[in-house]
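Heads up: the structure comes next, in structure tokens.
The values are calculated or read from the model by the stated rules, or taken from the named source; none is laboratory data. None of these values were measured; they are calculated from a predicted model. Here the Cβ is made from the backbone with ideal geometry for all residues, glycine too, and neighbour counts use every protein chain on show.
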Amino acid sequence: MATDVSTLHHAPAKQRRGWLEWITTVDHKKIGIMYAVTAFLFFVIGGLEALLIRLQLGSSQNAILTPEAYNQVFTMHGTTMVFMAIMPVNAGFMNYFVPLMIGAGDMAYPRMNAMSYWLLLFGGIVMYSSFVFGGGAPDAGWFAYAPLTSTTYSVTRGMDYWVLGLQLLGVSSLAGSVNIIVTIIRLRAPGMRFNRMPLFVWMSFVTSFLLIFALPSITVGITLLFFDRNFGTNFFLPAAGGDPLLWQHLFWFFGHPEVYIMILPAFGVVSEMLPVFSRKPIFGYEFVAYSGVAIGVLGFTVWAHHMFATNLGVIADTFFAAASMLISVPTGVKIFNWLATLWRGELRFKTPMLFSLGFIAMFVIGGISGVSLAAAPFDLQVTDSYFVVAHFHYVLFGGAVFALFGAAYYWFPKITGKMMSERIGKWHFWILLLGFNLTFFPQHMLGLQGMPRRVWTYQQNQGWDFYNLLSTIGSFCIALATLVFIVNFIISLRKGAPAGNDPWDAATLEWATTSPPPAHNFDVEYIVHSRRPLWDNKYSGEGRGMTINYDFHPHLPPPSFAPIIFSFGLFVLAYGMLNLASAPLIGIPIILVALAIAFVGMNRWVGEIAQDPVL
Amino acid sequence: MAQAVVRDIDKNDPGRGLDLRKLGMWTFLGSEVFFFGALVVTHLSMRGVVAPSASKANLDVAGVRNMFGDNVLTSILAFILLTSSLTMVLALDGVKTNNQKRFRFWLGATIACGVIFLGGQVYEFYHIVHEYNVTIKNMMFGSTFFFVTGFHGTHVAVGVIWLVSLLVSAIRHPERYNAGNYMAVELGGLYWHFVDLVWVLIFTVIYLI
């Protein structure tokens with residue numbers, strides 16, 4: 001879509017340079033990049049923790065880690081990967097591409113968007129600072145079952161850091177989700193009706209609703225936990241009349257939708273990539289979109305399948321087992337739609353396509369073990385064993401991470417203006433596929449042989465040495481693959497071939513603008529007439545997919561310090577809360593300072609809204 | 001011509017016409033519903049727990065009833081809080097009709113109702129702790145009671161701060177809010193009505209049943 005833009009006028013916002021440009025930015029694209037880079041750093045940290053776990057389990061009766069350190073490492077591995085790697089990398093892609101895909105100039109609330117990012121970074125810092133200040137990291141597992149989280153069994157301050165870090169991450173996700181929902185409802189280009197939106201936008205929409213309805217439950221849960229640990233309540237302590245199962249309900253009412261929060265955006269990107277590299281439209285657009293909605297709704301009715309072992313009773317077990325199996329229907333619908341999209345397509349095996357196909361294959365394996373786990377009797381046999389570990393890594397690594405690596409290759413040209421190396425990319429894919437299966441497939445066998453998860457070590461005569469060794473070797477292949485990706489990223493950033501606007505000959509609006517896009521995204525307003533505006537313009541005739549409104553004046557808010565100041569206030573507040581019960585003379589002054597900082601930020605923010613009424 | 005096309009399209013796509021800030025507020029309140037839902041469920045699942053308790057009173061649920069008396073105080077507070085929804089509507093009506101005096105008067109009245117409610121809650125907390133020796137620590141009913149009503153009270157306090165800042169800003173910049181620009185007031189009002197509405201639920205669940 002070459003258009004003469006030289007005559008168009010755009011009010012250039014006052015820009016800052018250097019690192020201040022990043023600190024004060026309210027541009028959804030810069031924020032998206034910061035999200036993705038931060039999430040990738042946390043992915044590497046979480047990955048190093050995984051390597052420690054695998055080193056420890058590589059052979060029987062190993063003592064590389066102490067049992068205490070092992071608890072901390074697996075807790076931080078899970079927490080990091082879920083909350084600080086997969087969720088924010090999803091948020092990063094949503095941030096960057098939802099506005100572009102719907103033809104908008106920015107997110108609905110650019111300043112709040114910046115706040116979401118800073119709270120992610122600060123939340124991660126709070127959690128990791130427990131290694132230094134807390135006497136040890138969180139050590140009760142990423143789902144933090146009571147009473148392991150009580151001060152009796154978790155003696156360091158780690159779990160308190162965990163709670164406060166999660167609170168910041170929760171505010172970040174909540175604000176981010178509100179932002180995405182409003183952006184999608186309100187800022188779609190003219191003619192971009194709901195049933196024309198790209199499927200990634202659809203899945204971002206569903207994911208955001210899942211977040212706003214699921215997050216409050218864990219917010220209440222971790223607040224109760226914080227009171228238990230700091231203010232002498234007994235919500236989860238059975239000795240004093242509390243109920244550990246209450247924690248499990250509150251946690252999994254969040255925790256199961258959380259699974260879909262991580263995987264639905266992956267479904268979305270795969271639904272974007274497969275049609276482009278199969279050279280035909282997605283098969284059954286409506287089914288792919290609405291099955292995502294169905295998964296989201298059903299996702300709220302299955303949380304207790306994580307709790308079969310808690311003796312909920314036959315009726316409850318039956319209900320939750322049936323509801324869980326029901327979810328495989330819309331999920332299966334998606335799988336078959338993807339396969340039908342490939343069918344008789346003109347397949348092009350570029351790196352994003354390889355990752356998409358790898359995603360389908362790996363996710364199906366994880367899905368099948370998932371359906372078997374939904375059967376309560378089988379679940380009771382393998383619950384808390386390595387079979388479960390294998391299952392959810394096939395879903396979240398084989399599923400989400402594969403799709404997200406694919407998305408990185410697919411969208412890297414748009415973000416940087418350069419192509420990633422196909423040759424290194426293929427190495428990355430094949431090493432990862434091999435390493436992933438080598439790591440996690442043997443864990444199915446280990447689980448069926450009875451190896452429990454979260455054990456620090458095991459005996460030689462238990463016969464688990466061989467599969468554990470395979471798994472450990474595999475984990476180093478994954479590390480190697482990740483290194484290959486980093487190398488590819490750096491080389492391509494420096495010397496990648498120029499990408500042009502639309503290197504993949506794709507169908508959606510983000511490819512209509514330059515790579516990288518200008519600050520205001522589009523020089524013109526697109527009036528959308530079809531689901532595949534670029535393809536239909538190109539292959540069905542100019543004007544069939546979209547037409548152009550040149551009389552278009554995008555407005556962007558100026559850079560702002562308010563979001564980072566306000567977020568920093570909340571960050572300091574977390575440390576005040578940590579000391580409130582144990583050392584009030586330190587805690588209370590810190591809280592007052594924190595509130596003052598937050599107030600300064602809020603005050604600036606309100607003042608800026610008065611000047612420029614965009615939140 | 002293109003503008004006409006865009007206008008035509010907007011007619012068939014009501015989502016594009018919604019107010020940006022109001023939409024965000026509604027979405028946030030949707031999340032808040034689940035927040036208070038989880039709080040109330042916590043209370044309901046724990047309210048029957050009596051033992052073992054460190055409280056001298058060691059009240060069972062029926063005993064706990066006594067500490068609220070006949071709910072006279074709380075009923076009056078509930079009445080005041082619900083009335084504040086009416087005054088908030090009148091304040092919004094004032095700004096929508098460009099009647100600054102009416103707007104400020106009713107906004108002030110809403111703030112006053114909120115402050116009275118909070119004062120009443122502080123009095124009630126003090127009374128329960130000191131006369132009945134029920135604290136957040138020593139019995140489960142106390143834990144969930146203070147937790148749920150405390151979080152609601154915090155929401156009321158945030159609402160009061162919000163409305164006060166609106167009032168201050170309306171006094172300092174007399175024409176800032178007017179018939180053409182009242183969204184800031186309406187958003188504060190939405191939040192305020194929500195917090196009032198939640199109290200209906202909490203009052204019923206904790207004090208009445």
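Quickly run through the range A:163-201 and pick out the residues that are in a helix (DSSP H, G or I), more than 8 Å from every other protein chain (Cβ to nearest Cβ), farther than 30 Å from A:Met76 by Cα and aliphatic (A, V, I, L, M).
A:Ile184, A:Leu199, A:Val201
Mind checking which residues of the range A:539-582 are of a type outside the set (Asp, Glu), more than 30 Å from A:Gly232 (Cβ to Cβ) and without any contact (Cβ under 8 Å) to a residue 12 or more places away in the chain? Walk me through it before giving the result.
Initially, the range A:539-582 is screened for residues of a type outside the set (Asp, Glu), giving A:539-541, A:543-550, A:552-582.
Next cut, more than 30 Å from A:Gly232 (Cβ to Cβ) only: A:539-541, A:543-550, A:552-568.
Result: A:Tyr539, A:Ser540, A:Gly541.
Give the residues of the range A:229-239 that are surrounded by 24 or more Cβ atoms within 10 Å (Cβ to Cβ) and touching a Pro at 6+ places or on another chain (Cβ under 9 Å), sorted by residue number.
Residues of the range A:229-239 surrounded by 24 or more Cβ atoms within 10 Å (Cβ to Cβ): A:233-236.
Within the range A:229-239, just A:Phe236 meets the criteria.
Residue by residue, here is whether (1) touching a helix residue (DSSP H, G or I) at 6+ places or on another chain (Cβ under 8 Å); (2) among the β-branched types (Val, Ile, Thr); (3) surrounded by fewer than 24 Cβ atoms within 10 Å (Cβ to Cβ); (4) under 21 Å from A:Met84 (Cα atoms) holds:
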| position | (1), (2), (3), (4) |
| --- | --- |
| A:Leu246 | yes, no, yes, no |
| A:Phe253 | yes, no, no, yes |
| A:Ile261 | yes, yes, no, yes |
| A:Pro265 | yes, no, no, yes |
| A:Gly268 | yes, no, no, yes |
| A:Ser271 | yes, no, no, no |
| A:Leu274 | yes, no, no, no |
| A:Ser278 | yes, no, yes, no |
| A:Gly284 | yes, no, yes, no |
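Condition check: of a type in the set (Gly, Ala, Ser) and either away from chain B (no Cβ under 13 Å) or surrounded by fewer than 22 Cβ atoms within 10 Å (Cβ to Cβ) (or both). Does A:Gly242 satisfy that?
Values: of a type in the set (Gly, Ala, Ser): yes; either away from chain B (no Cβ under 13 Å) or surrounded by fewer than 22 Cβ atoms within 10 Å (Cβ to Cβ) (or both): no.
No.
Might you check whether a residue that is within 14 Å of another protein chain (Cβ to nearest Cβ) and in contact with a strand residue (DSSP E or B) (Cβ under 7 Å, 6 or more places away or on another chain) occurs anywhere in the range A:555-564? Write out each step before concluding.
So in the range A:555-564, the residues within 14 Å of another protein chain (Cβ to nearest Cβ) come out as A:555, A:557.
If we keep only those that are in contact with a strand residue (DSSP E or B) (Cβ under 7 Å, 6 or more places away or on another chain) too, we end up with none.
Looking for residues that are within 14 Å of another protein chain (Cβ to nearest Cβ) and in contact with a strand residue (DSSP E or B) (Cβ under 7 Å, 6 or more places away or on another chain), one finds none in the range A:555-564, hence no.
Could you look through the range B:1-35, keep only residues that are more than 9 Å from every other protein chain (Cβ to nearest Cβ) and within 19 Å of A:Asn195 (Cβ to Cβ), and pick out the one that is modelled with the highest pLDDT?
Restricting to residues being more than 9 Å from every other protein chain (Cβ to nearest Cβ) and within 19 Å of A:Asn195 (Cβ to Cβ), the top hit is B:Pro14.
All but one of (1) surrounded by fewer than 16 Cβ atoms within 10 Å (Cβ to Cβ); (2) over 24 Å from A:Phe436 (Cβ atoms); (3) free of Cβ contacts under 8 Å to residues at least 60 places away in the same chain; (4) not polar (S, T, N, Q) hold for A:Ala294, so report the exception by its number.
Evaluating A:Ala294 over (1) surrounded by fewer than 16 Cβ atoms within 10 Å (Cβ to Cβ); (2) over 24 Å from A:Phe436 (Cβ atoms); (3) free of Cβ contacts under 8 Å to residues at least 60 places away in the same chain; (4) not polar (S, T, N, Q) leaves (1) as the failure.
Being surrounded by fewer than 20 Cβ atoms within 10 Å (Cβ to Cβ), within 22 Å of A:His444 (Cα to Cα), touching a residue at least 12 places away in the same chain (Cβ under 8 Å) and not β-branched (Val, Ile, Thr) is the requirement here; does A:Leu373 meet it?
Values: surrounded by fewer than 20 Cβ atoms within 10 Å (Cβ to Cβ): no; within 22 Å of A:His444 (Cα to Cα): yes; touching a residue at least 12 places away in the same chain (Cβ under 8 Å): yes; not β-branched (Val, Ile, Thr): yes.
It is false that A:Leu373 is surrounded by fewer than 20 Cβ atoms within 10 Å (Cβ to Cβ), within 22 Å of A:His444 (Cα to Cα), touching a residue at least 12 places away in the same chain (Cβ under 8 Å) and not β-branched (Val, Ile, Thr).
Just to be sure, is A:Pro503 closer than 25 Å to A:Phe429 by Cα and part of a loop (DSSP other than H, G, I, E, B)? I'd like the intermediate steps shown before the answer.
Details: closer than 25 Å to A:Phe429 by Cα: yes; part of a loop (DSSP other than H, G, I, E, B): yes.
When the stated conditions are applied, A:Pro503 passes them.
Suppose the filter is in a helix (DSSP H, G or I) and among the acidic types (Asp, Glu); does A:Asp139 pass it? Spell out how you get there, then give the answer.
Details: in a helix (DSSP H, G or I): no; among the acidic types (Asp, Glu): yes.
So A:Asp139 fails the test.
Among (1) within 12 Å of chain B (Cβ to nearest Cβ); (2) in contact (Cβ under 8 Å) with a residue 60 or more places away in the chain; (3) in contact with a Leu (Cβ under 7 Å, 6 or more places away or on another chain), where does A:Leu237 come up short?
Of (1) within 12 Å of chain B (Cβ to nearest Cβ); (2) in contact (Cβ under 8 Å) with a residue 60 or more places away in the chain; (3) in contact with a Leu (Cβ under 7 Å, 6 or more places away or on another chain), only one is false for A:Leu237: (3).
Does any residue of the range A:302-318 turn out to be among the small types (Gly, Ala, Ser), under 24 Å from A:Ala407 (Cα atoms), assigned to a helix (DSSP H, G or I) and in contact (Cβ under 8 Å) with a residue 12 or more places away in the chain? Don't jump to the end; show me each part of the working.
Taking the range A:302-318 first, the residues among the small types (Gly, Ala, Ser) are A:304, A:309, A:313, A:316.
Narrowing further to those that are under 24 Å from A:Ala407 (Cα atoms): none.
No, the range A:302-318 contains no residue that is among the small types (Gly, Ala, Ser), under 24 Å from A:Ala407 (Cα atoms), assigned to a helix (DSSP H, G or I) and in contact (Cβ under 8 Å) with a residue 12 or more places away in the chain.
Going through the range B:93-148 one residue at a time, which ones are within 14 Å of chain A (Cβ to nearest Cβ) and polar (S, T, N, Q)? Steps first, answer last, please.
First, the residues of the range B:93-148 that are within 14 Å of chain A (Cβ to nearest Cβ): B:129, B:134-148.
Passing the criteria: B:Thr135, B:Asn138, B:Ser143, B:Thr144.
Return the only residue of A:Ser177, A:Ser172 being within 22 Å of A:Val297 (Cα to Cα), at pLDDT 95 or above and surrounded by 24 or more Cβ atoms within 10 Å (Cβ to Cβ). Let's see the steps before the verdict.
Working: A:Ser172 fails: within 22 Å of A:Val297 (Cα to Cα).
Going through A:Ser177, A:Ser172 in turn, the sole match is A:Ser177.
Quick one: in the range A:584-615, which of the residues that are small (Gly, Ala, Ser) and within 14 Å of another protein chain (Cβ to nearest Cβ) is surrounded by the most Cβ atoms within 10 Å (Cβ to Cβ)?
Applying the first criterion (small (Gly, Ala, Ser)) to the range A:584-615 yields A:587, A:594, A:596, A:598, A:601, A:607, A:610.
Keeping just the survivors that are within 14 Å of another protein chain (Cβ to nearest Cβ) gives A:598, A:607, A:610.
On the way: A:Ala598: 19, A:Gly607: 11, A:Ala610: 12.
The qualifying residue surrounded by the most Cβ atoms within 10 Å (Cβ to Cβ) is A:Ala598.
Here is a list: B:Gly120, B:Gly153. Which entry is closer than 23 Å to B:Leu44 by Cα and of a type outside the set (Ser, Thr, Tyr)? Give the steps one after another, and end with the answer.
On the way: B:Gly120 fails: closer than 23 Å to B:Leu44 by Cα.
Exactly one of B:Gly120, B:Gly153 is closer than 23 Å to B:Leu44 by Cα and of a type outside the set (Ser, Thr, Tyr), namely B:Gly153.
Which residues, counting only those in the range A:366-406, are touching a Phe, Trp or Tyr at 6+ places or on another chain (Cβ under 6 Å), at pLDDT 95 or above, aliphatic (A, V, I, L, M) and farther than 21 Å from A:Arg54 by Cβ?
Across the range A:366-406, the qualifying residue is only A:Ala403.
Checking B:Ser165 against (1) hydroxyl-bearing (Ser, Thr, Tyr); (2) within 13 Å of chain A (Cβ to nearest Cβ); (3) surrounded by 21 or more Cβ atoms within 10 Å (Cβ to Cβ): exactly one of these is not met. Which one?
Only one criterion in (1) hydroxyl-bearing (Ser, Thr, Tyr); (2) within 13 Å of chain A (Cβ to nearest Cβ); (3) surrounded by 21 or more Cβ atoms within 10 Å (Cβ to Cβ) is unmet by B:Ser165, namely (3).
Residue-by-condition table, conditions (1) out of contact with any Gly (no Cβ under 9 Å at 6 or more places or on another chain); (2) more than 14 Å from chain B (Cβ to nearest Cβ); (3) at pLDDT below 95; (4) within 17 Å of A:Gly176 (Cα to Cα):
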{"position": "A:Phe213", "(1), (2), (3), (4)": "no, no, no, yes"}
{"position": "A:Phe226", "(1), (2), (3), (4)": "yes, no, no, no"}
{"position": "A:Gly232", "(1), (2), (3), (4)": "yes, no, yes, no"}
{"position": "A:Trp252", "(1), (2), (3), (4)": "yes, no, no, no"}
{"position": "A:Ala266", "(1), (2), (3), (4)": "no, yes, no, no"}
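Looking for whichever is under 20 Å from the mean Cα position of the chain (by Cα), of a type outside the set (A, V, I, L, M) and in a helix (DSSP H, G or I) here; the options are A:Phe378, A:Phe355. Which one fits? Give the derivation first.
Details: A:Phe378 fails: under 20 Å from the mean Cα position of the chain (by Cα).
Residue meeting the stated conditions: A:Phe355.
Looking only at the range A:461-499, count every residue that is in contact (Cβ under 8 Å) with a residue 40 or more places away in the chain, over 16 Å from A:Thr439 (Cβ atoms) and part of a loop (DSSP other than H, G, I, E, B) and tell me the total.
The total comes to 3.
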